[in-house]
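Asker: Submitted below is the structure of interest, expressed as structure tokens.
The values are calculated or read from the model by the stated rules, or taken from the named source; none is laboratory data. This one's a predicted model, so the numbers in the text were calculated from it and none came from an experiment. No Cβ is skipped: glycine too gets one built from the backbone with ideal geometry, and neighbour counts run over all protein chains shown.
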């Protein structure tokens, strides 16, 4: 079992969340993307994830990069607070139990792994 099992579960959940974000048109919550037509915003939002996924894969492939894992764990927790901050945003469609469960499990996993790493 990997040393950072909670991180890996959290990473999987954030990737599922990004799939949910495409379904729910999350780009409409971002200032620049919200000015575009839906098709262009969808393509831009989706394409932006390609270099992010490449960098994540490159940095984590074959080894567990402790510094990156620590930063991502922190992001998993901050990400929950960003969604809480934007809960009343006009275009926020993250309303379902499923969406919030994925966001919440990501944060909990990040917090657990972060704590296990530091203590």
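Asker: Out of everything in the stretch 27-51 that is in contact (Cβ under 8 Å) with a residue 40 or more places away in the chain and in contact with a helix residue (DSSP H, G or I) (Cβ under 8 Å, 6 or more places away or on another chain), what residue ends up being nearest to residue 82 (Cα to Cα)?
Answerer: Taking the stretch 27-51 and keeping what is in contact (Cβ under 8 Å) with a residue 40 or more places away in the chain, we get 28-29, 34.
With the extra rule that they be in contact with a helix residue (DSSP H, G or I) (Cβ under 8 Å, 6 or more places away or on another chain), the set shrinks to 28, 34.
Details: 28: 15, 34: 18 Å.
Filtering the stretch 27-51 for residues that are in contact (Cβ under 8 Å) with a residue 40 or more places away in the chain and in contact with a helix residue (DSSP H, G or I) (Cβ under 8 Å, 6 or more places away or on another chain), the one nearest to residue 82 (Cα to Cα) comes out as 28.
Asker: Check residue 6 against each of (1) under 26 Å from residue 71 (Cα atoms); (2) surrounded by fewer than 17 Cβ atoms within 10 Å (Cβ to Cβ) and name the one condition it does not meet.
Answerer: Exception for residue 6: condition (2).
Asker: On to the next question. Could we say that residue 85 is modelled with pLDDT of 95 or more and in contact with a helix residue (DSSP H, G or I) (Cβ under 7 Å, 6 or more places away or on another chain) here? Before the answer, list the steps.
Answerer: Numbers: modelled with pLDDT of 95 or more: yes; in contact with a helix residue (DSSP H, G or I) (Cβ under 7 Å, 6 or more places away or on another chain): no.
When the stated conditions are applied, residue 85 does not pass them.
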